[in-house]
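These notes are about the structure you will find just below.
All of the numbers you see were taken from the coordinates with simple rules; none came from a lab. In this text the structure is predicted, and so the values were computed from the model without any measurement. A quick note on method: Cβ atoms are made from the backbone with ideal geometry, for glycine too, and the neighbour counts reach across all protein chains shown.
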Amino acid sequence: MVARDPHRFANELDQGTLERLIARLEGRSRDAVFTRLFDKYVARLAMPQSPRILEVGCGTGAMLRLLVRRADFTGEAIGVDHCSPFIEAGRRFADNERVGDRITFRVGDVHHLDFPDASFDVVIAHTLVSHVTEPAMVVGEMGRVVRSGGTIVIFDGDYASLTYSFADHSFGRQMDAALASATFNNPRIMRDLPRLLPELGLSLVDAWGDAVVEIGTGRYFKSFAETYVPYVEKAGLLPAQQIEVWLSEQQRAMSDGTFFAACNYYTYLAGRR
């Protein structure tokens, strides 16, 4: 079988699987690991007083809800995602948090954005480009709809750097690679972006990296493993029994304080040339 990124093919998933992905997206947004990295790039954005902001591949809108709840944000926020259940969940969560009147959600294809040229001050792709079918097409569309002087934000992981500690180092490396292959359509895309941006008429304005590491116990990487390990097994990338042993060992390590996992994340700020 061939690995199929569940986010890329979210519209083909059953309800139970979608609910697990929604729970993962929501749980991730409450983790200090991700809120810290989100706050870091938002603080560096030079925005007008009432900016118009678009998030492509917004999922459940978790990051947009964080944005509009900031005391210094007085603009308009729009989120687009190809998965209708994600968008429905986003509207529900926004209403429950009483910010539904501040965010507009739309179902749409991020490869072909249904917005006029130069219509946004900021366009954000938060852990999106690792999942899409054609990253260059998506980033090109982001460049088309951002205004001159506006900012494109691309935040994502370099999932070839994803690693969990495992006593059998050989199998551990295989499992790391299988997780990246089963979960991300483009696990190395952040390495390619500095080369792709000029080809798309965009200039790199700023960039930085952050190592996300959990030692002793796990929250972020616990959720990651429990959500995506089943896709490794489903794709037949490794023997099911060995996968089960690996996951059991990760859970044991978390409980006894010997856990280790890490991944590098990168943020690129770009603008139209």
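Some points to look at:
- Förster-model FRET efficiency, 30 Å R0, V245 and R219, C-beta, rounded to 0.05: 0.85
- A Förster distance of 30 Å, applied to the separation of the beta-carbon atoms of E199 and D109, puts the FRET efficiency at 0.90.
- Listed from fewest to most Cβ neighbours within 10 Å, the set F166, F120 follows the order F166, F120.
- Neighbour-count ranking [beta-carbon atoms within 10 angstrom, fewest first] of H126, H82, H169: H169, H82, H126
- Considering helices alone, the calculated mean residue ellipticity of the chain at 222 nm is -13500 deg cm²/dmol, with DSSP H runs of length four and up weighted by -39500 (n - 2.57) and normalised per residue.
- Contact order normalised by residue count of the chain, Cα under 8 Å, 6+ apart, percent: 22
- With N counted as the residues of the chain, its alpha-carbon radius of gyration over 2.2 N^0.38 Å works out to 1.00.
- DSSP beta bridge pairing in the chain, given as percent antiparallel to the nearest 5: 55
- Between D117 and V33, the contour length at 0.36 nm per residue exceeds the alpha carbon distance by 26.8 nm.
- Simple spin-label estimate for D210 and S148 gives 3.3 nm between the two label positions (7 Å along the Cα-to-Cβ direction from each Cα).
- Cα-Cα separations in the stretch 148-273 greater than 26 Å, expressed as whole percent: 32
- Potential extension, R191-S170 segment - 0.36 nm per residue separation minus Cα distance: 5.1 nm
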